[in-house]
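Have a look at the structure below before the remarks.
Values quoted throughout were computed directly from the atomic coordinates according to the rules given, and no laboratory measurement underlies them. Because the structure is a prediction, the values reported are computed rather than measured. Positions of Cβ are backbone-derived with ideal geometry, glycine not excepted, and every protein chain shown enters the neighbour counts.
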Amino acid sequence: MTALFEFKADLTVDDAGAIKAMAWPFGSGDRVGDWIHKGAFATAKAPLPMLFGHRPNDPVGVWSDIVEGPDGLQAKGQLLINDVARAKEVHALVKSKALTGISIGFITRKATARKGGGRDIKALDLVEISLVTVPMHPGARITSSKSAAEAIALAEAINRAAAALKLKG
């Protein structure tokens, strides 16, 4: 049997890299019409890898708490900003709002076709939760970050680089 991974997905992060997310909100479908229903995440357990862009070779942290609540799948974890260089970069992107979404990777276990397209997914195996630029679920967006200091520093670095390129060109 070939395993097909699917990617679906509200996110806050603090200065230390602690992160909270609504990984999948119930009550609406994703961009292809898939609806994941309450109870589908019954087997989801932490820890799970926190990836960047669903790339298995690009882990940036770990999800340590995964709970299916009344509104959807909620996850808490840690970007490993003191140990993984890429995690520090991703943290800066999240804080600056250049990276605004999350998405889940899973294997479908039980689903039925929806009239008009998409599926009603009743059971799945959650394999990872990623930080992404464009999530499959339009409601899976970062809602806040607690400090603008890193965003300002990033913007200044970009402006310096752009000015340097103009001088060379």
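Residue-wise, which Karplus ³J(HN,Hα) couplings in Hz belong to the stretch 64-76, taking 6.51 cos²θ - 1.76 cosθ + 1.60, θ = phi - 60°, and x for glycine or proline?
For the stretch 64-76, the Karplus curve yields 9, 9, 10, 9, 8, x, x, 9, x, 7, 10, 9, 10 Hz.
Could you run the Karplus curve 6.51 cos²θ - 1.76 cosθ + 1.60 with θ = phi - 60° over the stretch 109-121 and give me ³J(HN,Hα) per residue in whole Hz, x for Gly and Pro?
10, 8, 7, 10, 5, 9, 4, x, x, x, 9, 9, 9
Taking H as built 1.01 Å from N, whose amide H comes closer than 5 Å to the amide H of ALA46, not counting residues under 5 places away?
Excluding prolines and chain starts, which carry no amide H, the hits are ILE66.
Go ahead and run the numbers for FRET between THR133 and ILE107, Cβ-Cβ distance against an R0 of 35 Å, rounding to 0.05.
My answer for the efficiency is 0.90.
With label points built 7 Å along Cα→Cβ from the Cα atoms of ALA98 and ALA42, find their separation and express it in nm.
Rounded to a tenth, the inter-label distance reads 4.3 nm.
Obtain the nm distance between the two label points defined at ALA16 and ASP71 by a simple spin-label model: each point lies 7 Å from its Cα along the Cα-to-C-beta direction.
Reported label-point gap for ALA16 and ASP71 is 2.4 nm.
Which residues' amide hydrogens lie under 5 Å from the amide hydrogen of HIS54, considering only partners 5 or more residues apart or on another chain, with H built in the peptide plane?
For HIS54, the qualifying residues are LEU131.
Tell me, what ³J(HN,Hα) does each residue in the stretch 123-134 have, in order and in whole Hz, if you take phi through Karplus 6.51 cos²θ - 1.76 cosθ + 1.60 with θ = phi - 60° and put x for Gly and Pro?
8, 7, 10, 6, 10, 6, 10, 10, 8, 9, 7, 10
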